[in-house]
Structures are given as structure tokens and as C-alpha cells.
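The numbers here are math on the coordinates, done by the rules we state, and not lab data. Keep in mind it's a predicted model, so treat the numbers as computed, not measured. Neighbour counts run over all protein chains shown; Cβ positions are idealised from the backbone, glycine included.
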Amino acid sequence: MKTFKLIVDAENSGTRVDKFLSLNVENFSRSFLKKLVDEQKVRIKGLVCKPGEKLSEGDVVEVEIPDVKPLDVLPENIPLNIIFEDEDIVVVNKPAGLVVHPSAGNYEHTLVNALLYHIKDLSGINGILRPGIVHRLDKNTSGVMVVAKNDRAHKYLSEQFKDKKLLKEYYALVFGRVVRASFEVILPIGRCPRDRKKMAVVASGKEARTAFNLLKRWEGYSLVSAVIHTGRTHQIRVHLSNEGFPIVGDSVYARSRRHKIGDIEIKRQMLHSKKLELYLPSTQKIVKFEAPVPEDMAEAIDYLDGRVS
């Protein structure tokens, strides 16, 4: 455990202690710092405080940073396609069928298990020795995603997501012949009132914005790219389904459709995270990473290309 002290200046007088810590303590996420307050590891003038407590000029804020704890998830030698790695981040091409993060009742065979095996220089994320999942892909969505290796990188990447400074582009093979070369969907997404396991366009949902571009089209099918400007659960899948172009193979939002193209059996939603642009934590320069369209999706596209449209 390490301890350090901060003295509140006039500029920060009246600021909440949790906000003060996020502004003045580097290399740790705001959620981790708030957790320290909740766990009574932050004191003002020697007394434990609450997250919303206001500070006064001259206050001494004492912060205890506990030693990093190991994660209760075991490393697994799961094959991993690493596109890029440095001291701060690792960029992977996630295969379809791989769950990103362990959850209740599912602590094995996830991307995190694989990362714990393959990445040897992980440091603490929110006080735990683990890779930092900044964003997620659905189990049956393939493609490029970035993972933080330390708190500093996690915070830097999280701020880029929050400030919409990253570019995330997906490819989706959909039912229907898309006519427009480009279109944008700005519709709120929330839990489906008839099925709480699904998401839907609902007036009470959170703002969601997706920009689409037509890449190819055939009789009965289209290939589109999607750039998401918000990060809602199932956002692309919901927006496309609402527009009348559900994703081929989507068992949730295209349930009534036939998921077979010619003799090709479609076993998962044809959605792929193609491109990711971000600012590297180490250099603060923008870089672009791409993952090629996976074999199952490429096979479906090749079949459609061979048909007469």
C-alpha cells in the first residue's frame, strides 16, 4: 500500500472530493478513485469522507492506494490474433464465438482468460491485475478491439470513447436491397418492453446514432458499413432491424428470416468490427487498426458475388 497527500488550492475549493481526485490523481480511473472513497481509504483532515463531500481551500486530502490484487480468473491458452501491442495497449482480432469478459457462472473460455495467458506485462486496472476491457463486442461479433494494460491507458482510452474521439467501423451483411448510398439513424435504444432480454427502439431509451454506407448490394441482400457515434447495447443490430434490414444470421433481431445463403449455413450474425482508429496513450498520435473480414462472412459475400443480381 502507498499513501500520498494533496492540498486543496483556491481553484478547487467547493469541489466534490471524488471529482477533485479524478482531476488531480493521474493513472487511475474515476470509478477506481470513487471506490477508494467508498472503502474509506480517502481522508480529509484525517477524517474519512463521502464521495460528494465538498472541499475547502487548505484541506489536506490523504489517499491510500492498496496493493494490486490478482484477478480470480485463470489464464487459458486460447489462440489469440494480436494485431498490435505496446506497453499500454493490446489490439486483437476477436473471433466470433468468444465471449469478451467473464460473468456470473461463466469464468472460463473468454477473451480475458486468453489475455491473461498471452500478455505478460499487465499492471493494475482499478486495483486488480487484469486486462482493461474498454469496449466490448458481442459473443458472435468478430473483429478488432482494444484492451488496456494499465490504469493510465484505460483512463486515456475511456476518455476517447466518452469524447467520441475514436472511430469504430463495422461491416454488416443484411437482408434486403439497400437503395441509399448513405444514411444515418438517430433513434433511442432501450430495453424491449415485451422481451427484457432484447433491446429495441423506444422513446424512453438512450440516444443512439449510427451512420451507414452501402458497400455492395445483391438481389435480397446488401453489405453496409456502420460507424457508431454512441455505444449502446446491440446498437447496429437494433438500428438495422428497425430500418427493415436485419443482419443475416442474427437469431435475436432477424429471428423469422432464413439464415442460409445458397448451401452456406449461417451460424452467427454477419457483423464484423472492421476498423478502429484511436490515439495511442504512449504517443498521443492517431493510429488505425483493421481486421480482415473473417472466412465465414467472406464465403457468403463470395457466393453472392457469383450470383446474377
Inset, instruction - Distance check, please: which entries in LYS149/LYS285; LYS54/LYS206; LYS120/LYS285 exceed 21 angstrom between their Cα atoms? - result: LYS54/LYS206; LYS120/LYS285
Inset, instruction - Convert each backbone phi in the stretch 245-252 into a coupling constant with the Karplus relation 6.51 cos²θ - 1.76 cosθ + 1.60 (shift: θ = phi - 60°), then list the ³J(HN,Hα) values in order as whole Hz, x for Gly and Pro. - result: 10, x, 6, 4, x, 7, 6, 9
Inset, instruction - Provide the gained length on full extension for the span ILE7 to SER225, in nm with one decimal, where the gain is 0.36 nm per separating residue minus the Cα-Cα distance. - result: 73.5 nm
Inset, instruction - List the residues whose amide H sits under 5 Å from the amide H of ASP250, counting only those 5 or more places along or on another chain, with H placed 1.01 Å from N in the peptide plane. - result: MET270
Inset, instruction - Calculate for the chain the 222 nm mean residue ellipticity that helices alone would give, adding -39,500 (n - 2.57) per DSSP H run of length 4 or more and normalising by residue count, nearest 500 deg cm²/dmol. - result: -5000 deg cm²/dmol
Inset, instruction - Give me the orientation-averaged projected area of the Cα convex hull of the chain, in nm², one decimal. - result: 18.6 nm²
Inset, instruction - Just subtract the alpha-carbon distance of LYS216 and GLU39 from 0.36 nm times their residue separation and send over the number in nm, one decimal. - result: 58.3 nm
Legend entry - Karplus-derived HN-Hα couplings along the stretch 79-88 (A = 6.51, B = -1.76, C = 1.60, θ = phi - 60°), whole Hz, x at Gly and Pro: x, 9, 8, 8, 7, 7, 8, 9, 6, 10
Inset, instruction - List, in order, the whole-Hz ³J(HN,Hα) value for each residue of the stretch 266-278 obtained from phi through the Karplus relation with A = 6.51, B = -1.76, C = 1.60 and θ = phi - 60°; use x for Gly and Pro. - result: 8, 9, 7, 5, 7, 10, 9, 6, 7, 9, 9, 10, 8
Legend entry - Contact order normalised by residue count of the stretch 2-66, Cα under 8 Å, 6+ apart, percent: 51 percent
Legend entry - DSSP-loop GluC sites (Glu not before Pro) across the stretch 1-47, with at most 16 other Cβ within 10 angstrom: GLU26, GLU39
Inset, instruction - Just add up the charged neighbours of LYS149: K/R +1, D/E -1, any other residue whose Cβ is under 11 Å from the Cβ of LYS149. - result: -3
Legend entry - Alpha carbon centroid spacing (whole Å) that separates the stretch 231-309 from the stretch 213-229: 9 Å
Inset, instruction - Could you let me know the centre-to-centre spacing of the stretch 90-140 and the stretch 42-87, using Cα atoms, in angstrom? - result: 19 Å
Legend entry - For TYR221, distant residues with modelled amide H under 5 Å away: GLY176
Inset, instruction - Using only the Cα atoms of the stretch 70-162, build the gyration tensor, take square roots of its eigenvalues as a ≥ b ≥ c, and label the shape rounded, prolate or oblate: rounded if a/c is under 1.5, else prolate if a/b is larger than b/c, else oblate. - result: rounded
Inset, instruction - May I ask you to list the GluC sites (Glu not before Pro) in the stretch 50-114 that are in a DSSP loop and have at most 14 other Cβ atoms within 10 Å of their Cβ? - result: GLU57, GLU87, GLU108
Inset, instruction - May I ask for the net charge around TYR170, where only other residues with Cβ less than 9 Å from the Cβ of TYR170 are counted and Lys, Arg are +1 while Asp, Glu are -1? - result: +2
